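Undergrad: Here it is, the structure in full.
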Amino acid sequence: AVCSMGNRTSRLYSVLSKTLSSSAVSQHQDCLEQLDSPRLDPIDPKDLLEECQIVLQKRPPRFQRNFVNLKKNAASNHRPIRVMQWNILAQALGEGKDNFVQCPMEALKWEERKCLILEEILAYKPDILCLQEVDHYFDTFEPLLSRLGYQCTFFPKPWSPCLDVAQNNGPDGCALFFLKERFELINSANIRLTAMKLKTNQVAIAQTLKCHETGRLFCIAVTHLKARTGWERFRSAQGCDLLQNLKNITQGAKIPLIVCGDFNAEPTEEVYREFSNSSLNLNSAYKLLSPDGQSEPPYTTWKIRPSGECRHTLDYIWYSQHALNVNSALGLLTEEQIGPNRLPSFNYPSDHLSLVCDFSFNQDPDRLL
């Protein structure tokens, strides 16, 4: 069973080759109860990576992406904090609703696709991991990542579209993971976003952490705003609500902030301008990859649906530019790497690219915003 794994590599395969049938919430609850058992010993990430590679041996190898060094000033006196942002594509949506017309259904098989997702996470070793469209939290990500040393939080959408798909694995939502050896949880808030004073189907998680090494506090948030053309004003209202929540949590920017998310909004949208012009003094980390430091990447998602090809910049890592430095950022996949059939594919498990940044605290945290 998924929830009763031993700590030897040979037993890790059970969690990679099986998932809960998930039709009943009680099954999730049973698993959660077992997850508290001391039998769930730590996993060596090298062993898990090896198991993933065994499952994936018939697939093409992972794409190679390089980190771009962005820090110009003197070296920090503490280890950087690596943050990973990724919409991993809900399994139910990938198979049932998203209609990736150039992606073979075989490439979307969960037994292998989850190993591609895990391989990406294990390759970049984030200290903090922010995910959207997570619909296999209870049977895959929580049991595995908790054994890798992460503290795990999940907040599902109130009315997840995954539930409309036959044989779904429960609702999708946002998930936040941080390494317990590096951080202490000070405060955690699950936020259901509002728009025009109405509660919406979109959510966020915001957690205040204390860095063990420096003693510094910071807030990390993950969100996923409303999708689709025609909902720009709605996204703008959701963004305003999230910003107000984050102002309260960070005491008006006294606590440094990192916000990860799939905003479903191009840089031309109002919600992007709201974050850019917020009193929280946020900047978008991936702008720093551009020659002038002012332009977002040309795309963070690239797919082909029946309506045509969709190439957009929707995913961001925002950060407090007065308190944090971006040391480096992971380069994006090239058009050649992505290939003519776009994403997802046998090579890559999601229609969104993962974003990864290394942050350090500014050595003069009290300087003016």
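The values are calculated or read from the model by the stated rules, or taken from the named source; none is laboratory data. All values reported here derive from a predicted model rather than from experimental measurement. As a convention, Cβ positions derive from the backbone with ideal geometry for all residues, glycine included, and neighbour counts pool all protein chains shown. We work out accessible area using only protein heavy atoms, side chains counted, and drop any ligands, DNA or RNA first. Shrake-Rupley method; radii C 1.70, N 1.55, O 1.52, S 1.80 Å.
Undergrad: Only one of (1) under 18 Å from L225 (Cα atoms); (2) part of a strand (DSSP E or B) is not met by L185, so which one is it?
TA: The single condition L185 does not satisfy is (1).
Results for (1) over 28 Å from A221 (Cβ atoms); (2) hydrophobic (A, V, I, L, M, F, W, C); (3) touching a Lys or Arg at 6+ places or on another chain (Cβ under 9 Å), shown as yes or no for each residue.
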residue	(1), (2), (3)
R79	no, no, yes
N87	no, no, no
A92	no, yes, no
K97	no, no, no
F100	yes, yes, yes
L116	no, yes, yes
I121	no, yes, no
D127	no, no, yes
V134	no, yes, no
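Undergrad: With respect to the numbered conditions (1) at pLDDT 95 or above; (2) touching a helix residue (DSSP H, G or I) at 6+ places or on another chain (Cβ under 6 Å), which one is the sole condition not fulfilled by I128?
TA: Exception for I128: condition (2).
Undergrad: So, in region 299-329, how many residues would count as being assigned to a strand (DSSP E or B) and open to solvent by 20 Å² or more (accessible area, probe 1.4 Å)?
TA: Here the count works out to 9.
Undergrad: Could you please find all residues in region 186-198 being surrounded by 14 or more Cβ atoms within 10 Å (Cβ to Cβ) and among the hydrophobic types (A, V, I, L, M, F, W, C)?
TA: Correct list: A189, I191, L193, A195.
Undergrad: Mind telling me which of the residues N201, N264, N248 ends up being on the phi < 0 side of the Ramachandran plot, open to solvent by 20 Å² or more (accessible area, probe 1.4 Å) and not in a helix (DSSP H, G or I)?
TA: On inspection, the qualifying residue turns out to be N201.
Undergrad: Looking only at region 250-303, count every residue that is touching a Gly at 6+ places or on another chain (Cβ under 8 Å) and over 28 Å from G230 (Cα atoms) and tell me the total.
TA: 1
Undergrad: Identify the single condition in (1) among the charged types (D, E, K, R); (2) free of Cβ contacts under 8 Å to residues at least 24 places away in the same chain; (3) in contact with a Pro (Cβ under 7 Å, 6 or more places away or on another chain) that E296 does not satisfy, given that it satisfies every other one.
TA: Single failed check for E296: (2).
Undergrad: Of all residues in region 73-93, count the ones that are exposed (fewer than 14 other Cβ atoms within 10 Å of the Cβ) and among the hydrophobic types (A, V, I, L, M, F, W, C).
TA: 2
Undergrad: Working only within region 337-360, note down all residues that are at pLDDT below 95 and among the acidic types (D, E).
TA: Listed by number, the list is empty, since nothing qualifies.
Undergrad: Oh, and also: Would you mind telling me which numbered condition in (1) assigned to a loop (DSSP other than H, G, I, E, B); (2) open to solvent by less than 10 Å² (accessible area, probe 1.4 Å) S360 fails?
TA: Here S360 meets the rest and fails (1).
Undergrad: Considering region 33-72 alone, what residues qualify as being at pLDDT below 90 and open to solvent by 90 Å² or more (accessible area, probe 1.4 Å)?
TA: Of everything in region 33-72, those that are at pLDDT below 90 and open to solvent by 90 Å² or more (accessible area, probe 1.4 Å) turn out to be E33, D36, P38, R39, K72.
Undergrad: E296 passes all but one of (1) over 25 Å from Q238 (Cα atoms); (2) assigned to a loop (DSSP other than H, G, I, E, B); (3) of a type in the set (D, E, K, R); which number fails?
TA: If we test E296 against (1) over 25 Å from Q238 (Cα atoms); (2) assigned to a loop (DSSP other than H, G, I, E, B); (3) of a type in the set (D, E, K, R), just (1) comes out false.
Undergrad: Considering each of L242, L179, L225 in turn, give the residue that is modelled with pLDDT of 95 or more and over 16 Å from the mean Cα position of the chain (by Cα).
TA: Checking each option against the conditions leaves just L242.
Undergrad: For region 164-182, name all the residues that are outside any loop (DSSP other than H, G, I, E, B) and surrounded by 15 or more Cβ atoms within 10 Å (Cβ to Cβ).
TA: G173, C174, A175, L176, F177, F178, L179
Undergrad: Does region 104-147 hold any residues that are more than 18 Å from G170 (Cα to Cα), open to solvent by 10 Å² or more (accessible area, probe 1.4 Å), hydrophobic (A, V, I, L, M, F, W, C) and over 17 Å from the mean Cα position of the chain (by Cα), and which are they?
TA: M105
Undergrad: Would you pick out the residues in region 253-310 that are at pLDDT 95 or above and of a type in the set (D, E, K, R)?
TA: Passing the criteria: K254, D262, E266, E269, E270, R273, E274, K287, E296, K303.
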